[in-house]
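The values are calculated or read from the model by the stated rules, or taken from the named source; none is laboratory data. If you're wondering where the values come from, they're calculated on a predicted model, not measured in any experiment. Cβ placement follows ideal geometry from the backbone for every residue including glycine, while neighbour counts extend to all protein chains displayed. Areas reflect the complete protein model, heavy atoms only, side chains present, ligands, DNA and RNA absent. Shrake-Rupley method; radii C 1.70, N 1.55, O 1.52, S 1.80 Å.
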Amino acid sequence: MDYPVHLYKVLYPNNALIASQLKPEQFADHYTVGSDKHYNGKVIFAELDPAYRHPYFPINEALAHVKPHPDGRPKATKFISNYRVLEHIELSAIDKLFIATAQGYVQALEAEEMPPASEDDGLAIYAEISPMTMLILSDLNNRQFGRFITDPGSFQSAPAQFYTKLNVDILGFIEYFKQYPFTNSPISSIHPSALRDAVEELSKYKDKHNKGLCLNSSLSTVSYKQIDRGFTFARGEEMKFFAMPPLDDIEHNNFKFFRNM
């Protein structure tokens, strides 16, 4: 039996370009609950144009090995590359983004226009996902942050980066924390006092726009419900934004995913 071949760029929990005969929903299920690799958690991956080719990747050579098993089952994964993957993928080749729960339920995201910069004023917490994986407090808007984190003149940049903004009322939490110092942090991997100190540092030094909060993006403990509007791919001035549907829409159209977000 012939199966169409898909090209998937896994963005979380690892970085890989994979050829597969599985549909996106089957691929997510294989990665989360059906594989023998003993992984348990969220998965985020993008589907590329199947015709995409780049000299860095031996895609055609890998495709020669993507054949059904003798019993007719489709080939689940053929790893093409695990190193410097995103920087060698043109953003125009990214067709769809898929986010999956630890139980294998999937939500597809479509590319849309990035929200206006005016909607991103104020402090934000950005979760770098691939290839860098830090949590960063920033006073930059989404587009400015994308430029900064992929600026070749910066010591803290990558050629391309995939990231998201978390929906956290930072200043509101800091005020609440002053009154109730034993309250829990809005992000479990960040101590409330560390978040408070980071906010004070950005406020004190006007020429400082970013402050690292955690070496890990903390996606294993952050709910998809905390994603603010969507996910962004950035490469300098070039960006591609994938919007999160409203929670009410997800609940109505994809309840199993919603229940496990």
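Restricted to the stretch 96-108, and to residues there that are modelled with pLDDT of 95 or more and farther than 15 Å from VAL10 by Cβ, the residue that is most open to solvent (accessible area, probe 1.4 Å) is TYR105.
Just wondering, is there one or more residues in the stretch 186-196 that are closer than 24 Å to PHE241 by Cα, touching a strand residue (DSSP E or B) at 6+ places or on another chain (Cβ under 6 Å), buried (at least 16 other Cβ atoms within 10 Å of the Cβ) and among the β-branched types (Val, Ile, Thr)? No, the conditions are met nowhere in the stretch 186-196.
Taken residue by residue, the stretch 205-222 has at least one member that is modelled with pLDDT under 95, basic (Lys, Arg) and open to solvent by 30 Å² or more (accessible area, probe 1.4 Å). Would you please name the residue that is farthest from PRO13 (Cα to Cα), looking only at residues in the stretch 229-255 that are open to solvent by 30 Å² or more (accessible area, probe 1.4 Å) and in a strand (DSSP E or B)? It comes out as GLU238. What is the one condition in (1) under 20 Å from the mean Cα position of the chain (by Cα); (2) open to solvent by less than 20 Å² (accessible area, probe 1.4 Å); (3) over 30 Å from GLU25 (Cα atoms) that ARG147 does not satisfy? ARG147 satisfies all of (1) under 20 Å from the mean Cα position of the chain (by Cα); (2) open to solvent by less than 20 Å² (accessible area, probe 1.4 Å); (3) over 30 Å from GLU25 (Cα atoms) except (2).
Among helices (runs of 4 or more DSSP H) entirely within the stretch 98-216, having at least 3 residues that are closer than 18 Å to ALA234 by Cβ and not basic (Lys, Arg) singles out 142-149.
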